[in-house]
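Here's the structure, in structure tokens; my notes come after.
The values are calculated or read from the model by the stated rules, or taken from the named source; none is laboratory data. The shown structure was predicted, so the numbers you read here are calculated from the model rather than taken from an experiment. Because the Cβ atoms are built from the backbone with ideal geometry, glycine has one as well, and the counts that use them run over all protein chains shown.
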Amino acid sequence: MPKSIPFLLVFALALYSATVRAQSPSSSSDLAPGSAQLLNPDELLKLLQSNAGEKPLLLNVGPSLLYMQAHIPGAEYIGAASDKQGLDKLRARVKSLPHDKLIVLYCGCCPWSHCPNVRPAYNQLNAMGFNHVKVLYIANNFGTDWVDKGYPTIKGQ
């Protein structure tokens, strides 16, 4: 097989991948570390402890086992947004909310770059017209980046 064939296949795959990303309503670069859509754990903690302004709607879009082990006080369990049931529950939960409501999503099941849940949830809310959606940036996992830092948690429920 000529050496140019594998190169052409790789090039074609890269071009296709870039095209698909460009056509998606909200690219994953929207949630790149350091972007305005992300909140660091210390920023969320300050927001939750503040007496000023309306509190955000805090939605856990990860696995139920993780939520049962520990979650942020006031967080509502939605379900894994990587599956249809989770996204259906998310849509139902926010359906009656004003589109400027501050909503904070989080998962924490695994390292940020591998999380299968936050991007689908974020993209779904954007597609529905919500314009004040933030995602808690959990670089490693919820245990390391929230629980082990001594931030408030509730276990069980």
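The table below lists the values:
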{"read-out": "Filter result for Asn140 (modelled with pLDDT of 95 or more, in contact with a strand residue (DSSP E or B) (Cβ under 8 Å, 6 or more places away or on another chain) and farther than 20 Å from Asp30 by Cβ)", "value": "no"}
{"read-out": "Members of region 29-64 that are among the charged types (D, E, K, R), surrounded by 10 or more Cβ atoms within 10 Å (Cβ to Cβ) and either part of a loop (DSSP other than H, G, I, E, B) or touching a residue at least 60 places away in the same chain (Cβ under 8 Å) (or both)", "value": "Asp30, Lys55"}
{"read-out": "Count of residues meeting criterion [at positive phi and either out of contact with any helix residue (DSSP H, G or I) (no Cβ under 8 Å at 6 or more places or on another chain) or charged (D, E, K, R) (or both)] in region 43-100", "value": "1"}
{"read-out": "Matching residues, region 102-127, being exposed (fewer than 15 other Cβ atoms within 10 Å of the Cβ) and either more than 14 Å from the chain's Cα centre (by Cα) or not in a loop (DSSP other than H, G, I, E, B) (or both)", "value": "Ser113, His114, Ala127"}
{"read-out": "Test for Tyr67: is it within 14 Å of Pro152 (Cα to Cα), of a type in the set (Ser, Thr, Tyr) and surrounded by 13 or more Cβ atoms within 10 Å (Cβ to Cβ)", "value": "yes"}
{"read-out": "Unique residue being touching a residue at least 24 places away in the same chain (Cβ under 8 Å) and under 26 Å from Asp148 (Cβ atoms) when the list is Asn131, Asn117", "value": "Asn117"}
{"read-out": "Search result, residues across region 83-98 that are touching a residue at least 12 places away in the same chain (Cβ under 8 Å) and closer than 26 Å to Leu45 by Cβ", "value": "Gly86, Leu90, Arg93, Val94, Leu97"}
{"read-out": "In region 92-101, the residues that are of a type outside the set (A, V, I, L, M) and either at pLDDT below 95 or not in a loop (DSSP other than H, G, I, E, B) (or both)", "value": "Arg93"}
{"read-out": "Residue in region 143-153 that is surrounded by the fewest Cβ atoms within 10 Å (Cβ to Cβ), counting only those that are of a type in the set (Val, Ile, Thr) and either assigned to a helix (DSSP H, G or I) or at pLDDT below 95 (or both)", "value": "Thr144"}
